[in-house]
Amino acid sequence: LLRRVLNANFRRGTAENAATVARIAADSNVPEALRLEAIEELNQWNDPSPLDRVLGRWQPLENRSPIELTGIVGPIVPDLFQSSEKIKEAGTGLAAKYGIKAAAPQLAEMVVDTKRPVDVRVASLNALNKLGYASIADVARTAIKDQQPALRVTGRNVLAKHDPPAALPALEQAIQQGTTVEKQGALATLAEMPLPAATEVLIRWMQQLVQQQVPAEIQLDLLKAAKAKQSPELDQLIARFNATRPQDDPIGGYLETLSGGNAERGREIFYGRSDTSCRRCHMIRNNGGEVGPDLSGIGIDKDRRYLLEAIVAPNKAIAKGFETAVLAMLDGKVLVGIIRKETDTELELMDAKGTVIRVVKADIDERASGKSAMPEEIVKQLSKDDLRDLVEYLSQQKQKQKQ
């Protein structure tokens, strides 16, 4: 009921409605999930999604004038910061979005509080940056020395925006000695820095890449950073590297996606992306479809090269039992799918939608093997970052389903 109350106020969109939603967000007696929903509604208030937040239907709101929410959001921020860690994190974004500068001292305290979850500390530092906090460079310098890699990454990125010369040595050190996420973050930050010295750092690393001397897990990040710089010298080095790619290897153009991915983002792609629909055909631990192979234990038997090739060139090596069968029937129909069961007199065919069709073999005029059921165009829906994350997720699937 309360979710519907929130949605009704959100859809009406007046200042009075926003105040009602803000009160719910600040109320410690309201369940956390509903408070988070209220915060998200406040975030989207002046730019609402066309989807209804309760029904999920396409139901665009009528054009409405934006309202000033700073005075409505400001008073509830202290209450949000006294709540659960998830609400604190959501509250930092709300404070930054609506410019609640009075929240800055509390945000600065949360950044340096080592007892808080790192997600809250990172969100607090980002919020301070958006708010234009006067001492942001000092807070960033402190963050760079923290024990948490994610906070160090954000600290270097923020410092690069406010004191680029001071950030450059820290970024170089991160690429040399940091964790994978720090190396990747440092390269992304260098790509955004206007300093000629930042370009020089990337040139040195690209020269190493041409000589095959760069760790696999940061090759994609280095190539992206070099391309973003739009430097003639870096463009030449990218071309030299591309010339070293094996031309007869189906994954030659994607080798930089073999390592360094984020498994959690890969999981989101597998289960959440409608344009790839991985889960529609594949199952992992009883979650997904049966058209393609069960991938629960794929990381045990197959290496990363196999996983990448299966995505970018699915017809190169089709998993046994998952070849597509093309049946030309006597009545003129053509059936395409995977044969799941076969006897002397009939067979069961599963089509791309997962529908099982029982076919009498005497009714088949001609039978042929087709391509893999995995669509070849899937790779066109994925960026190289997506590919790397998906490979990382699949490589970690090492728990086979019991038969």
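With the condition kept exactly as written, say whether any residue in the stretch 105-120 is in the same structural domain as GLU40 (by TED's automatic domain parsing), over 25 Å from PRO149 (Cβ atoms) and either modelled with pLDDT of 95 or more or of a type outside the set (D, E, K, R) (or both). Checked the stretch 105-120: at least one residue is in the same structural domain as GLU40 (by TED's automatic domain parsing), over 25 Å from PRO149 (Cβ atoms) and either modelled with pLDDT of 95 or more or of a type outside the set (D, E, K, R) (or both). Please work out which residue is farthest from the chain's Cα centre (by Cα), limiting yourself to the stretch 213-258 and to residues that are of a type in the set (Ser, Thr, Tyr) and closer than 21 Å to ALA186 by Cα. It comes out as SER231.
Out of TRP58, TRP45, one residue alone is among the hydrophobic types (A, V, I, L, M, F, W, C), assigned by TED's automatic domain parsing to the domain that holds VAL122 and touching a strand residue (DSSP E or B) at 6+ places or on another chain (Cβ under 9 Å). It is TRP58.
Does SER274 count as surrounded by 16 or more Cβ atoms within 10 Å (Cβ to Cβ) and assigned to a loop (DSSP other than H, G, I, E, B)? So that I can check it myself, show each step before the final result.
Details: surrounded by 16 or more Cβ atoms within 10 Å (Cβ to Cβ): no; assigned to a loop (DSSP other than H, G, I, E, B): yes.
Spelling it out, it is not the case that SER274 is surrounded by 16 or more Cβ atoms within 10 Å (Cβ to Cβ) and assigned to a loop (DSSP other than H, G, I, E, B).
Among the residues making up the stretch 352-387, those that are acidic (Asp, Glu) and in contact (Cβ under 8 Å) with a residue 24 or more places away in the chain are ASP363, ASP365, GLU366, GLU376, ASP385, ASP386.
Just to be sure before I move on: is GLY266 in a loop (DSSP other than H, G, I, E, B) and over 30 Å from ILE203 (Cβ atoms) in the structure I sent? It is false that GLY266 is in a loop (DSSP other than H, G, I, E, B) and over 30 Å from ILE203 (Cβ atoms).
For THR92, are the conditions met, namely being within 27 Å of GLU40 (Cα to Cα), touching a Lys or Arg at 6+ places or on another chain (Cβ under 9 Å) and of a type in the set (S, T, N, Q)? Spelling it out, it is not the case that THR92 is within 27 Å of GLU40 (Cα to Cα), touching a Lys or Arg at 6+ places or on another chain (Cβ under 9 Å) and of a type in the set (S, T, N, Q). Condition (residue is modelled with pLDDT of 80 or more, surrounded by 11 or more Cβ atoms within 10 Å (Cβ to Cβ) and in contact with a strand residue (DSSP E or B) (Cβ under 7 Å, 6 or more places away or on another chain)) applied to the stretch 302-318: is it met by at least one residue? Taking every residue of the stretch 302-318 in turn, none turns out to be modelled with pLDDT of 80 or more, surrounded by 11 or more Cβ atoms within 10 Å (Cβ to Cβ) and in contact with a strand residue (DSSP E or B) (Cβ under 7 Å, 6 or more places away or on another chain). Within the stretch 134-161, the set of residues being surrounded by 20 or more Cβ atoms within 10 Å (Cβ to Cβ) and not aliphatic (A, V, I, L, M) comprises ARG152, THR154, GLY155, ARG156, ASN157.
The values are calculated or read from the model by the stated rules, or taken from the named source; none is laboratory data. Predicted model, so just to flag it, every value in this text is computed and none were measured. Using ideal geometry, Cβ is built from the backbone for each residue, glycine included, and neighbour counts are taken over all protein chains shown.
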